[in-house]
Amino acid sequence: MPERLAVVSGGATGIGAAVAAGLAEDGYDIIVVGRRADLLAKAADRIGAECGRPGSVEAVPADLADPAQLGRVVEAVGGRTVDVVVNNAGGYLGGDSSTLHGVAAQWRANLDSNVLTAVLLTEALRPALRRPGGRVLLLSSIAAQRGGGGPYSAAKAALHGWAYHLAQELGPEQITVNVVSPGYVADTEFFDGRMTPEGHQRRVDATLVGRAGEPADIAAAVRYLASPAAGYVTGQVLGVNGGSVFGR
Ligand SMILES: NC(=O)c1ccc[n+]([C@@H]2O[C@H](COP(=O)([O-])OP(=O)(O)OC[C@H]3O[C@@H](n4cnc5c(N)ncnc54)[C@H](OP(=O)(O)O)[C@@H]3O)[C@@H](O)[C@H]2O)c1
């Protein structure tokens with residue numbers, strides 16, 4: 001099989017780690033990017049060993065909201081063609097919203113974490129994307145479709161508009177751009193310190209299938225959209241939420 005390369009942001013934990021493991025299983029070499037170097041290196045070693053190709057997963061520590069750090073990723077790609085970019089880094093950033101300075105800081109933090117990370121990584125790798133056949137994936141959230149997360153909801157919703165724009169730009173080059181919008185996914189760092197048994201149960205009860213999502217549920221959707229079989233799917237938002245919110 002010819003070498004194929006996928007870059008996964010936030011690939012050391014939760015959904016990103018499941019995506020990286022899934023794509024590694026599908027035969028891709030992987031670059032995982034995140035800010036915590038130790039965690040990232042451990043995840044890369046583990047995923048490489050589990051897929052039976054030690055060394056096929058490379059850890060590149062970088063804060064993707066800082067334009068000055070994107071060169072590290074481009075350097076790691078090193079002139080190779082990038083088949084898949086999975087923009088998974090992000091999260092809910094709380095803060096003190098009792099002052100306008102606090103409001104501004106929280107909005108900027110959420111936009112940086114969820115929008116800028118995706119925009120900068122995608123723009124940095126845009127020249128290297130496979131033509132034809134490249135894939136750009138954006139991880140949004142059910143919060144973009146039904147609210148509930150303040151600036152986090154708005155930041156994730158911004159990804160949808162940008163995905164439509166990018167799909168129009170890259171379509172003629174046979175590169176697809178799609179959004180995966182997870183519902184509640186347990187077993188990640190997303191809710192660290194913020195989840196209660198009641199909050200968990202409320203989210204499970206809001207699904208039609210009566211369970212929390214797992215990182216592998218989201219990875220399965222990403223793997224499909226990354227595959228050659230999905231070449232006619234672009235500019236779409238795929239909800240993976242157990243039926244908590246219907247398609248929109
Ligand atoms: N869990 C859910 O219920 C849920 C639901 C809907 C959507 N999502 C979305 O799914 C994605 C993955 O979340 P998760 O649940 O797997 O949570 P997670 O375990 O907290 O994963 C987020 C990852 O993003 C990385 N990251 C954050 N900011 C970064 C930055 N500036 N530069 C580089 N890497 C950065 C983090 O690593 P470092 O901290 O080491 O940088 C971490 O590995 C997020 O975009 C989240 O908003 C999650």
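Things to note:
- Karplus-derived 3J(HN,Hα) values for the stretch 11-17, using 6.51 cos²θ - 1.76 cosθ + 1.60 with θ = phi - 60°, are x, 8, 9, x, 4, x, 5 Hz; glycine and proline are entered as x.
- Per the Debye formula on identical point scatterers at the alpha carbon atoms of the stretch 5-240, with no solvent, log10 I(q)/I(0) at q = 0.07, 0.12, 0.13, 0.14 Å⁻¹ is -0.21, -0.63, -0.75, -0.87.
- Relative to one another, the C-alpha centroids of the stretch 124-161 and the stretch 1-24 are positioned 17 Å apart.
- Environment charge of Ser227, counting only residues whose C-beta is closer than 15 Å and scoring Lys/Arg +1, Asp/Glu -1: +1
- Neighbour-count order for Ser113, Ser98, Ser181, Ser244, fewest beta carbons within 10 angstrom listed first: Ser98, Ser244, Ser113, Ser181
- From helices alone, the chain scores -12500 deg cm²/dmol at 222 nm; the rule is -39500 (n - 2.57) for each run of n ≥ 4 DSSP H residues, then divide by the residue total.
- Interchain or long-range residues, amide H under 5 Å from Ser181's placed H: Ser140, Leu238, Gly239, Val240
- Taking all pairs of distinct alpha-carbon atoms in the stretch 1-64, Kirkwood radius in angstrom: 11.0 Å
- Cut-off 12 Å between beta-carbons: net charge of the residues surrounding Ile142, Lys and Arg +1, Asp and Glu -1: +4
- In Hz, Karplus ³J(HN,Hα) per residue of the stretch 45-55 (6.51, -1.76, 1.60; θ = phi - 60°; x = Gly, Pro): 4, 4, 5, x, 5, 5, 8, x, 10, x, x
FYI, it's all coordinate maths here, none of it is from the lab. Worth saying up front: this structure is predicted, and the values here are computed from it rather than measured. Positions of Cβ are backbone-derived with ideal geometry, glycine not excepted, and every protein chain shown enters the neighbour counts.
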